[in-house]
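The values are calculated or read from the model by the stated rules, or taken from the named source; none is laboratory data. For clarity, every value in this text was computed on a predicted model and none was experimentally measured. Note that we place each Cβ from the backbone using ideal geometry, even for glycine, and neighbour counts take in every protein chain shown.
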Amino acid sequence: MRVLVVEDSARLRAAVVKALRRTGYVVDEADNGEDGLWRAREFSYDAVVLDLMLPKLDGLEVLATLRKEENRTPVLLLTARNTVEDRVAGLRSGADDYLGKPFALEELLARVDVMCRRHFDHPSTVLRVGDLEVDTDRKRATRGGHPLDLTAREYRLLEVLAFQPGKVMSRTEMETHLYDELSPPMSNVVDATVYQLRRKLGAAGSGTPLIHTRRGQGYLFEEPS
């Protein structure tokens, strides 16, 4: 999952980015509204954490612009202005959730996780495809009851595939979930990660192939009928 954090406080932004990355998210960051809006337009995100009071362009303007352009990426608004009127204004502008400052990082992580699952129309924290189970809360996966020993990159790719079974994903789409803007993709990393996932998935549970190549298009994740 890839998240954009737009917050002008360097200290708070660093803490939020560190917590999200530690949990397994790929994270981009911006310190003002104009930069945040540009990134939200330029890249594909699963969630945006957006401060309300930003230099150059405030959070409500950023949010209103995105929604006017029919960008439906889930947005969590952060603000020290935590009155009922402020919360209502934020939600009416298109925010999916609202978190007042100060806040516990654990609560922010939980809210981002819920928004990402809602974005993929999957309210449960456990994704199931055949005998595969992916626990998005604990960041673990099992097949046939056997734990899978996955690297962080392998888990991130498996999670995004499991969120969208039956959908063909291009290599470019997969790369957006593996790298942030400061870490340019290495050649063939998607294919190499898919190879390792296939090997590990094939050695557990039923061993039935779940990742299928669609030549010229990408990869399809589903249990054969």
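If only one of Arg143, Arg199 is modelled with pLDDT of 90 or more and farther than 25 Å from Ser124 by Cβ, which one is it? Please lay out each step first, then the result.
Details: Arg143 fails: farther than 25 Å from Ser124 by Cβ.
It is Arg199.
Can you spot a residue in region 53-72 that is among the β-branched types (Val, Ile, Thr), surrounded by 21 or more Cβ atoms within 10 Å (Cβ to Cβ) and in a strand (DSSP E or B)? Before you say what the answer is, go through the steps one by one.
Restricting attention to region 53-72, the residues satisfying the condition of being among the β-branched types (Val, Ile, Thr) are 62, 65.
The next check asks that each one be surrounded by 21 or more Cβ atoms within 10 Å (Cβ to Cβ); those that pass are 62.
Retained after the next criterion (residues that are in a strand (DSSP E or B)): none.
No, there is no match, as no residue in region 53-72 is among the β-branched types (Val, Ile, Thr), surrounded by 21 or more Cβ atoms within 10 Å (Cβ to Cβ) and in a strand (DSSP E or B).
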Which condition number in (1) under 28 Å from Gly145 (Cα atoms); (2) basic (Lys, Arg); (3) at pLDDT 90 or above is the one that Arg118 fails?
-> (3)
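Mind listing just one residue for me: the one in region 203-225 that is small (Gly, Ala, Ser) and more than 15 Å from Ala162 (Cβ to Cβ) and, of those, nearest to the chain's Cα centre (by Cα)?
Let us first name the residues in region 203-225 that are small (Gly, Ala, Ser), namely 203-207, 216, 218, 225.
So of that shortlist, the ones also more than 15 Å from Ala162 (Cβ to Cβ) come out as 203, 206-207, 216, 218, 225.
Working: Ala203: 28, Ser206: 29, Gly207: 28, Gly216: 25, Gly218: 20, Ser225: 29 Å.
Only one residue fits best here, namely Gly218.
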Starting from region 118-130, keep only residues that are aliphatic (A, V, I, L, M), then list their pairs with residues that are assigned to a loop (DSSP other than H, G, I, E, B) whose Cβ atoms are within a distance under 6 Å, requiring at least 6 positions of separation or different chains.
-> Val129/Pro165; Val129/Glu223
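Only residues that are charged (D, E, K, R) and touching a residue at least 24 places away in the same chain (Cβ under 8 Å): list them for region 7-53, please.
Going through region 7-53, the residues charged (D, E, K, R) turn out to be 7-8, 11, 13, 18, 21-22, 28-29, 31, 34-35, 39, 41-42, 46, 51.
Within region 7-53, Glu7, Asp8, Asp28, Glu29, Asp31, Asp35, Arg39, Arg41, Asp46, Asp51 qualify.
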Considering residues of region 6-44 that are under 26 Å from Glu173 (Cβ atoms) and acidic (Asp, Glu) only, the residue surrounded by the fewest Cβ atoms within 10 Å (Cβ to Cβ) = Glu42
When the residues of region 115-144 are filtered to those that are in contact with a strand residue (DSSP E or B) (Cβ under 8 Å, 6 or more places away or on another chain) and hydrophobic (A, V, I, L, M, F, W, C), which remaining residue is surrounded by the fewest Cβ atoms within 10 Å (Cβ to Cβ)?
-> Val126
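Yes or no: Glu34 over 23 Å from Glu106 (Cα atoms) and over 16 Å from the mean Cα position of the chain (by Cα)?
Criteria met by Glu34.
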